[in-house]
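Have a look at the structure below, then the notes.
The values are calculated or read from the model by the stated rules, or taken from the named source; none is laboratory data. Quick caveat: nothing in here was measured; it's all calculated off a predicted structure. Here the Cβ positions follow ideal geometry from the backbone for every residue, glycine too, while neighbour counts run over all protein chains shown. Areas reflect the complete protein model, heavy atoms only, side chains present, ligands, DNA and RNA absent. Shrake-Rupley method; radii C 1.70, N 1.55, O 1.52, S 1.80 Å.
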Amino acid sequence: MALQPYFEQIGSGPDLVLLHGWGVHGGIFESLYPTLSQHFRITNIDLPGFGRSPMPNDDYTIEMMAQQLLKVIPEKAHYLGWSMGGLLATYLACHHPERVNKLITVGSNPHFLVRDDWPYAMQPNVMENFVTLLEEDYETTLIRFLVIQTLGSETQKQDVQKLKETVFVHGRPAKKALRGGLNVLKKVDLRQQVSRLCQPTLRLYGRLDSLVPVK
């Protein structure tokens, strides 16, 4: 039997697929279940190498992630993707439009790094710092990444504690997935493709988000 991602389904109604961000797993969305499951059949997936999903032998690319998802996702669904999950959901909407009904991204960017013609994104040195630190101590690097996610929050201490409890509850993510995921965030550029999306799209941004600036 071919490897395929772990997923769980809950609720009833139109299909809604949830795609998490780098370093975490689908459990990050569990607090949304009570509300969303009243209106949708949720398919919540652990991306390859994260949470309970196995790590394929293939190169870790956005194409590989998409092909893995296509094995388990509903025939047609709404998509909600956070951060890297938003990039992946956007890729699916661009390359497999017949599978994506409506697209919602949260704290996500069609290209995650600053360029001369793309000023509102992550500074390349921040990304390179993550890559370097990941090789030295990936658990501390993951926690540092989660702390950045909560900067400016009035409940930062509680938020970080909750994230710490969640991120390792299903074991450690595969190092190949962590490295590969950062590489996806560095290299994938969907800016031109986003302009051709035909699905209804909602892009949500955090007022205090330093990695995907609201600008």
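Observations on the model:
- Ordering of 85-96, 195-206 by burial proxy (mean other Cβ atoms within 10 Å per residue, highest first): 85-96, 195-206
- Taking a span of 15 Å or more along the helix axis (Cα atoms) and a mean Kyte-Doolittle hydropathy of at least -1.0 as the rule, the DSSP H helices of the chain that qualify are 84-95, 124-136, 138-149, 175-187.
- Relative contact order of the chain, defined on C-alpha pairs under 8 angstrom at six or more residues apart (%): 25 percent
- Element breakdown for the chain at a 1.4 angstrom probe: carbon and sulfur atoms account for 52% of the accessible area.
- Solvent exposure of the range 82-215 as accessible area per residue, Å², 1.4 Å probe: 53 Å²
- Entry for Cα extents along the principal axes in Å (calculated from the structure that is shown) out of (1) 52, 52, 30; (2) 54, 39, 30; (3) 41, 40, 39: (3)
- Choice from VAL194, VAL24, VAL126 with maximal GNM fluctuation in the chain (Cα, 10 Å cutoff): VAL126
- Among the GluC sites (Glu not before Pro) in the range 81-190, those placed in a DSSP loop whose Cβ has at most 13 other Cβ atoms within 10 Å are GLU154.
- Selection from GLY23, HIS39, GLY86, by position along the positive dipole direction of the range 16-109 (Cβ): HIS39
- Assuming charge only on the beta carbon of Lys and Arg (+1) and of Asp and Glu (-1), the dipole of the chain about its Cα centre is about 320 debye to the nearest 20.
- The heavy atoms of TRP82 present about 50 square angstrom of accessible area, all protein chains included, probe 1.4 Å.
- In this structure, ARG196 and GLU136 have a Cβ-Cβ separation that, at R0 = 45 Å, corresponds to a calculated FRET efficiency of about 0.65.
- The range 148-215 shape via C-alpha gyration tensor axes, a/c threshold 1.5: oblate
- Using 0.36 nm per residue and subtracting the Cα-Cα separation, the extra length available between GLN158 and GLU128 on full extension is 8.0 nm.
- Shape category assigned to the range 76-201 from the gyration tensor of Cα positions, a/c cut at 1.5: prolate
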